[in-house]
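S.K.: The structure that follows is given in the form of structure tokens.
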């Protein structure tokens, strides 16, 4: 997509940028590849740098309630300084690895409602930085992640929604300053024992940490488990059912307990102690842009709506 109007800060007749992803859908840890296409404007331009940011729609908690914003969580420099001649066309290839903790947005070819993730291009010309091109990025689960999600479906859980919460889950190896929650309505066989379940997968190159949070009357129950990637070779339905039965029997923390409860998670459990401002939220090093440039925001939202239209 070419958003010429997004480069307005670079001056009338300035360059245009179009970032094309050759990998519009990736897996955690996989390569994000493509090219940044630049077209020179009416005069020569001094390009200081072109940078790509992975950005996601993140929910933050603050004293006034909840707010949403775009948060950058991985950055890749495409190029350093060079001169772009008037009218010159230049294509710059890029390739960088997605974090293993990158949230999943796709399952069995279907978009997970509530997820918005993309690659944003920032062009720095003569000190005028413009966040020019925004392209949606899909993320499919790794084999072991897919097995876990399939297990919940096999047990009769109904997908309800997904979002990203700013903050950290205590007692885990979480690296990113936010985590994904996939919410399911309880399967029929658990009716009356809990109403809903929230699943978080914290993935690394070696393993997946599985955090389950059960919404029970009067209290929440949090359960923590670890699964190796090799587990993708087997059906995990029985294993997941065992986790659920164990958590409900104990009515308290399961394996690896000690996850923090706090007000920063909307009353649902982990992520305590979040600090966020009403206009700009800073949570554990994460800066959430709640009020972006209007043109950039509209273009980014339009791109998401087009790619993830139900």
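S.K.: If you go through region 172-199, how many residues are within 17 Å of the chain's Cα centre (by Cα) and touching a residue at least 40 places away in the same chain (Cβ under 8 Å)?
M.R.: Going through region 172-199 one residue at a time, the tally reaches 10.
S.K.: Search region 215-226 for residues that are surrounded by 15 or more Cβ atoms within 10 Å (Cβ to Cβ) and pair each with any residue that is at pLDDT below 70 and assigned to a strand (DSSP E or B) when their beta-carbon atoms are under 8 Å apart and the residues are at least 6 apart or on different chains.
M.R.: Qualifying pairs under 8 Å: 220/269; 222/269.
S.K.: What number of residues within region 55-65 are in contact with a strand residue (DSSP E or B) (Cβ under 6 Å, 6 or more places away or on another chain) and farther than 18 Å from residue 112 by Cα?
M.R.: Here the count works out to 1.
S.K.: Still on this structure, I have one more. In region 132-170, how many are without any contact (Cβ under 8 Å) to a residue 40 or more places away in the chain and either surrounded by 21 or more Cβ atoms within 10 Å (Cβ to Cβ) or on the phi > 0 side of the Ramachandran plot (or both)?
M.R.: Taking region 132-170 first, the residues without any contact (Cβ under 8 Å) to a residue 40 or more places away in the chain are 153, 156, 158, 160.
Narrowing further to those that are either surrounded by 21 or more Cβ atoms within 10 Å (Cβ to Cβ) or on the phi > 0 side of the Ramachandran plot (or both): 156.
Qualifying residue count, region 132-170: 1.
S.K.: Next question. Are any residues in region 203-222 modelled with pLDDT of 90 or more and touching a strand residue (DSSP E or B) at 6+ places or on another chain (Cβ under 7 Å), and if so, which ones?
M.R.: Correct list: 207, 208, 209, 210, 211, 212, 213, 214.
S.K.: Follow-up question, since we're still on this one. Please specify each residue of region 102-137 satisfying the condition of being part of a loop (DSSP other than H, G, I, E, B) and touching a strand residue (DSSP E or B) at 6+ places or on another chain (Cβ under 6 Å).
M.R.: Of everything in region 102-137, those that are part of a loop (DSSP other than H, G, I, E, B) and touching a strand residue (DSSP E or B) at 6+ places or on another chain (Cβ under 6 Å) turn out to be 102, 103, 104, 105, 112, 113, 114, 115, 116, 126, 137.
S.K.: Follow-up question, since we're still on this one. Return only the number of the condition from (1) crowded, with 22+ Cβ neighbours inside 10 Å; (2) farther than 20 Å from residue 27 by Cβ that residue 189 does not satisfy.
M.R.: Failing condition for residue 189: (1).
S.K.: May I ask you to verify whether residue 93 is in contact (Cβ under 8 Å) with a residue 24 or more places away in the chain and surrounded by 21 or more Cβ atoms within 10 Å (Cβ to Cβ)?
M.R.: no
The values are calculated or read from the model by the stated rules, or taken from the named source; none is laboratory data. On a predicted model such as this, the values are computed, not experimentally measured, just so you know. For neighbour counting, all protein chains shown are included, and Cβ atoms are generated from backbone atoms with ideal geometry for every residue, glycine included.
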